[in-house]
Amino acid sequence: MNILEQIQAGVVQAVQHLYGTQIEADSITLNTTRKEFEGDYTVVVFPYTKVARKKPEQIGEEIGHFLVEKLAHVTHFNVIKGFLNLTVSDTYWHQFLLDIYSDEQYGQQPSNSEKVMVEFSSPNTNKPLHLGHIRNILLGWSSAKILAAAGYEVVKVQIVNDRGIAICKSMLAWEKYGEGATPQSTQTKSDHFVGSFYVLFEQKFQEEYTKWQASSEGVAAFAKRKDEKQDQAAFFKAYKNTYFNAESALGKEAKAMLRNWEDGDPETVALWKKMNQWVYHGFDATYENLGVTFDKLYYESNTYLLGKDLIQTGLQSGQFYQKDDGSVWIDLEDVKLDHKLVLRSDGTSVYMTQDIGTAQLRYDDFKVDRMVYVVADEQDYHFKVLFEIMKRLGAPYANDMHHLSYGMVDLPTGKMKSREGTVVDADDLMAEVIQEAKTMAAERGNLAELSESERNKIHQQVGLAALKFFIIKVQPRKRMTFDPKESVDMQGQTGPYVQNAYVRIQSVLRKAGTMDLEPAVKYQTLETAEKDLIAMLFVFPEIIRVAAAELDPSNVANYCFDLAKAYHRFYHDYSILRAESDAAKSFRLALSTSVAHVLRFGMDLLGIEMPDQM
């Protein structure tokens, strides 16, 4: 048993022995002692006042004396009101460090025999990946890595949204205005090339809409507005979608192209395949730069007809009902989710239908125990409905479907808009942070002796660490503003700051040469900073377990920062290579090695590589 389990077992015995009451170990509130008080762990004794019929201070004294007497590694205690603060022996921390210092995968949990699917990224094929996708991708990738470290078998998937009116807009714009240009002929990254035509379509449509507003038809539409107090600008902003669907020449052409695709028109399908392949090639390059891979890709063009059979089954069993117009619905008012359409009156599917069918398809493919969907919080309602429907359909995985909901990413100037081209492209962003790392490295001059390829590798590692850590350190549910200047700051709570702690340790270990741990056994009296570092290492497996349970990689990111900060402080305050004795030197080298292992493993869970030099 580790020290926490020993303390819990001791408290169970104490309450039984002192007060004649049996309690469960998991009912005990056991926390890390606050810094302003002496001790390592604190037991909250207030819950035992009824059974003991004594004041909390007296209970604390009695349990404290019991634990010091019975537990070899609890050396002394103090009581502050109803809080029993316990001090763990140096011997325990010393032995714990020597047990783990050589384990490069310390924190990895054994297999729990459960399989979990994580869906993330899932972009549209009408535009390149942008900053919003980066948050999704990094949350999905790090969550998958953390779940694997927590003992799950993880399957990473995405569904590519490769059909629909948005894709047809890019296709139509290229057909009308592209003049046969290709990514190769324009020397443009292929997904950026396709995305430029999506933006061009919006520009051409806006030109058409502006002219229409001044036409007699536009003036008449404004005159017929229902809200007479609504001014012209507000009306035409609200009327834009109606115009696209009912009046726009470009809109009619785009919708006709979509119908042609759905009907299997050879020319339309050929164009669709060509432009999608351009986008896929670009996506692959971006994913490779981010260090991200998938186990399987699903395509909406193959899944958009799925789910209808499950709807029919649910209709027959009474889970769904049919309206007079033939549309199929489900009543979710009893769980405050209203009524939800699952099939249109013409028998065509909606997104909910597809997601029902896709969930079942994935279960058939992988037999997963859990499903995690990494999708922005704009879809919170959708996933509440989906999960409730799957429960009512009796899906075996329905009780373990989870929505990793995250806040959107804004720019300092406001929301990003793909149609207007006001997004921060993922490729441009990565190039920017890597260039910033290169500039800062040149100023420091620490890499001058390395080859150009070695320097470029480190620049990429540092730049991507700055980007990834900046995104992941924020709790997923929080909406965040991306500030380019702040994200590439190499000081403070940043990825490069954590990397620097690792690099500092590698430098110490290189200078130390061959390590002899035998003297470390004789180092028995620990400094407070040494105990603090070891105690931080001790909790790392629990950090992983909590991050996996909460689907919150920020737990790991902030832990890594705190550990790096503690090590930087330790390095500043204590000599390592010139320690006061061989025993102290050996022990501190073992401690530094353990910190390096945990920093490397922890940052790897976030998709961040650790350089040996910076």
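The values are calculated or read from the model by the stated rules, or taken from the named source; none is laboratory data. Fair warning: this is a prediction, and the values are worked out from it, not measured in the lab. Don't worry about glycine lacking a Cβ; one is built from the backbone with ideal geometry, like all the others, and counts go over all protein chains shown.
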Six or more apart or on different chains, Cβ under 6 Å: which pairs go from a residue in the range 309-326 that's among the charged types (D, E, K, R) to one that's surrounded by fewer than 17 Cβ atoms within 10 Å (Cβ to Cβ)? Could you list them? 325/345
Considering only the range 333-350, state which residues are touching a residue at least 40 places away in the same chain (Cβ under 8 Å) and either loosely packed, with under 14 Cβ neighbours inside 10 Å or in contact with a Cys (Cβ under 8 Å, 6 or more places away or on another chain) (or both). 335
All but one of (1) over 20 Å from residue 160 (Cα atoms); (2) surrounded by 14 or more Cβ atoms within 10 Å (Cβ to Cβ) hold for residue 357; state the number of the condition that does not hold. (1)
Would you mind listing the helices (runs of 4 or more DSSP H) fully within the range 476-591 where at least 2 residues are small (Gly, Ala, Ser)? 495-512, 528-538, 540-550, 554-573
Which ranges mark the helices (runs of 4 or more DSSP H) fully within the range 101-218 that have 2 or more residues being surrounded by fewer than 16 Cβ atoms within 10 Å (Cβ to Cβ)? 165-177, 183-186, 190-214
Condition first: in contact (Cβ under 8 Å) with a residue 60 or more places away in the chain and closer than 14 Å to residue 14 by Cβ. Now tell me which residues in the range 33-67 satisfy that. 67
Taking the residues in the range 431-464 that are farther than 14 Å from residue 496 by Cα and acidic (Asp, Glu) as candidates, determine which candidate is surrounded by the most Cβ atoms within 10 Å (Cβ to Cβ). 432
Only one of 342, 269, 328, 292 is under 25 Å from residue 128 (Cβ atoms) and not assigned by TED's automatic domain parsing to the domain that holds residue 188; which? 292
Look at residue 584 and say whether it is more than 25 Å from the chain's Cα centre (by Cα), buried (at least 20 other Cβ atoms within 10 Å of the Cβ) and small (Gly, Ala, Ser). yes
Residue 121 vs (1) at negative phi; (2) touching a residue at least 24 places away in the same chain (Cβ under 8 Å): all pass except (1)
Residue list for the range 333-369, restricted to those being in a loop (DSSP other than H, G, I, E, B) and under 14 Å from residue 382 (Cα atoms): 336, 337, 338, 350
If I ask for residues that are surrounded by 16 or more Cβ atoms within 10 Å (Cβ to Cβ) and not in a strand (DSSP E or B), which ones from the range 312-332 would you list? 314, 315, 319, 320, 327, 332
The condition of being surrounded by fewer than 15 Cβ atoms within 10 Å (Cβ to Cβ), within 29 Å of residue 474 (Cβ to Cβ), modelled with pLDDT of 95 or more and not assigned by TED's automatic domain parsing to the domain that holds residue 195 holds, among 380, 364, only for 380
Please indicate, with yes or no, whether at least one residue in the range 496-515 is at pLDDT 90 or above, more than 30 Å from residue 580 (Cα to Cα) and of a type in the set (Gly, Ala, Ser). no
Anything in the range 528-550 that is within 21 Å of the chain's Cα centre (by Cα), among the aliphatic types (A, V, I, L, M) and surrounded by 20 or more Cβ atoms within 10 Å (Cβ to Cβ)? List them, or say none. 543, 544, 547, 548
Within 28 Å of the chain's Cα centre (by Cα), buried (at least 19 other Cβ atoms within 10 Å of the Cβ), assigned to a helix (DSSP H, G or I) and of a type in the set (S, T, N, Q) - does that describe any residue in the range 254-273? no
